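The values are calculated or read from the model by the stated rules, or taken from the named source; none is laboratory data. Everything numeric here is computed off the predicted structure, so don't read it as measured data. Positions of Cβ are backbone-derived with ideal geometry, glycine not excepted, and every protein chain shown enters the neighbour counts. Surface areas here come from the heavy atoms of the whole protein model, side chains and all, with no ligands, DNA or RNA. Shrake-Rupley method; radii C 1.70, N 1.55, O 1.52, S 1.80 Å.
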Amino acid sequence: MSGERSGNGGGGGGGGGVVTVSGAAPTRADALALDAADPLGGYPDRFERAEGVVAYFDGNSLGRPVAGVAEAMAGFVRHDWGTRLIRSWDEGWMRWPEEVGDLVGRVALGAAPGQTVVADSTTVLLYKLLRALADHQRALDPARTEIVLDRDNFPSDRYVAEGVAAERGMALRWIEVDTAAGVTPEQVAEVVGPATAVVLLSHVAYRSGWVADAEEITRLAHDAGALVLWDTCHSAGSVPVRADDWGWDAAVGCDYKYLGGGPGAPAHAYLAARLHDLPTLRQPVQGWMGRRDPFAMAQGYEPEPGVRSLVSGTPPVVGMVPLRLSLQLLEEAGIEAVRTKSLRLTDLAWAIVEDWPAGTGVTVGSPREHARRGGHITLRHPDFQAVNQRLWERGVIPDFRAPDGLRLGLAPLSTRFTEVWDGLAAVREELERLR
Ligand SMILES: *Cc1c(COP(=O)(O)O)cnc(C)c1O
């Protein structure tokens, strides 16, 4: 796979400075050369680098803090909160859900302004949007009683769908998937029809890293009269998303994974402008912050026009301070450059693992094809739970996903090629030690 691994046609071109990994078996010198030639090579130094962390492979689960977050948080506490006090709500905080939402939309979702908010957690926003879309569909056509989803979607997505189905007397239509791959357009085409209300899928699968063909699946669902809710937890900030161009209806995703907003950062929700202000499309958690003229404290809920109606309560502004910084960094680097590096990182990891002796027994549970491969890959081996514990003790930090997966989330802006090499050398050592 050396040709694919190099990712370089030899031309100077836009990417620039690409090194071809020499020979079949990558060496540490190859990783060093890849770092030296990396157009984004300066970015890892713009994150906090902790002593004792040899390799961080969980940037897809909790991104590293951007350097400067500590100062920004301190400034926020002293000035915005400590000095301006409650006046800060009028001076800006009140509009942060839409303002930071527009930033997420522009940088990570391919969404024009006015369609994205930052609020709540992913789980809560999934509930709000899934129920809103399902109710809307049934109001238009009572025969649309099914929610389509796949067996290997993230637990919250499945549980929320179970809850909405129970609450609204709807049925779940499950797609069975290969856990080393993901949902295909053919599988969606087989199950959508006149009974489908909403299709709920992850754009990038949390386990395998499979990138769904989001444009084609959206088109198929629309042809069947269904709406689609995309989960962008593992795609926002790692693969280009073109929500507007692909005709998306709605999306929800985390801001603490590749988007680097920090632990518990509020999530993002996208709702296409054509679905705003419809009397049949209402999110179910009607709070004062999504109401027209909230300080009138009036009787009766009336949604504020536009995407603001997705907001329920007081905006979690503290949690958006780090997110604003990390989004600026991502915007500066550009998602296309991030994607290019992401594929080189996973190519390198793949080539290293492929070079291990067959007796090691490790397989890759992720798509090889670039077009279907997201920002992380999952290695599989029955001993990985024990191995993972040993790795964490030595500062090599992937995560374990039951039953046998070691997930390598290689956040492109903060991860060096040498980190991939060093971390995987440790994985191999720990596997051999157990044998
Ligand atoms: C991480 C993740 C979530 C997490 O939701 P929270 O409400 O932030 O805990 C949901 N869905 C997917 C696909 C995820 O990867």
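For beta carbons closer than 7 Å, sequence separation of 6+ or different chains, a first residue in region 218-246 that is over 11 Å from residue 257 (Cβ atoms) and a second that is within 16 Å of the ligand (Cβ to nearest atom) and among the hydroxyl-bearing types (Ser, Thr, Tyr), the qualifying pairs are 231/202; 241/232; 241/235; 243/270.
Filtering region 215-257 to residues that are within 15 Å of the ligand (Cβ to nearest atom), open to solvent by less than 10 Å² (accessible area, probe 1.4 Å) and among the charged types (D, E, K, R) leaves 231, 255. Entry remark, region 170-200: residues being closer than 23 Å to residue 280 by Cβ and under 21 Å from the mean Cα position of the chain (by Cα) number 3 in total. Going through (1) over 20 Å from the mean Cα position of the chain (by Cα); (2) touching a residue at least 12 places away in the same chain (Cβ under 8 Å) one by one, residue 357 falls short only on (2). As for region 274-297, it holds no residue that is of a type in the set (Gly, Ala, Ser), closer than 30 Å to residue 400 by Cα and touching an Asp or Glu at 6+ places or on another chain (Cβ under 8 Å).
Residue 291 passes every criterion in (1) open to solvent by 60 Å² or more (accessible area, probe 1.4 Å); (2) more than 13 Å from residue 100 (Cβ to Cβ) apart from (1). Put simply, of 141, 90 the only residue that is at pLDDT 95 or above, acidic (Asp, Glu) and in contact with a strand residue (DSSP E or B) (Cβ under 9 Å, 6 or more places away or on another chain) is 141. For region 285-298, a residue qualifies if it is touching a Phe, Trp or Tyr at 6+ places or on another chain (Cβ under 7 Å) and assigned to a loop (DSSP other than H, G, I, E, B), and exactly one does: 286. All conditions in (1) closer than 30 Å to residue 408 by Cβ; (2) not in a loop (DSSP other than H, G, I, E, B) hold for residue 198, with the sole exception of (1). Within region 61-81, one or more residues are more than 23 Å from the chain's Cα centre (by Cα), more than 20 Å from residue 263 (Cβ to Cβ) and among the acidic types (Asp, Glu).
Residue check: residue 324 meets all listed conditions (1) outside any helix (DSSP H, G or I); (2) at negative phi; (3) open to solvent by 50 Å² or more (accessible area, probe 1.4 Å) but one, namely (1). Please work out if residue 184 is of a type in the set (Ser, Thr, Tyr), farther than 23 Å from residue 410 by Cβ and open to solvent by 10 Å² or more (accessible area, probe 1.4 Å). In short, yes. Using the structure shown, decide if residue 277 is surrounded by fewer than 24 Cβ atoms within 10 Å (Cβ to Cβ) and among the acidic types (Asp, Glu). Considered against the rule, which asks whether it is surrounded by fewer than 24 Cβ atoms within 10 Å (Cβ to Cβ) and among the acidic types (Asp, Glu), residue 277 comes out as yes. Restricted to strands (runs of 3 or more DSSP E) entirely inside region 84-180, those with at least 2 residues that are within 16 Å of the ligand (Cβ to nearest atom) are 116-119, 146-150.
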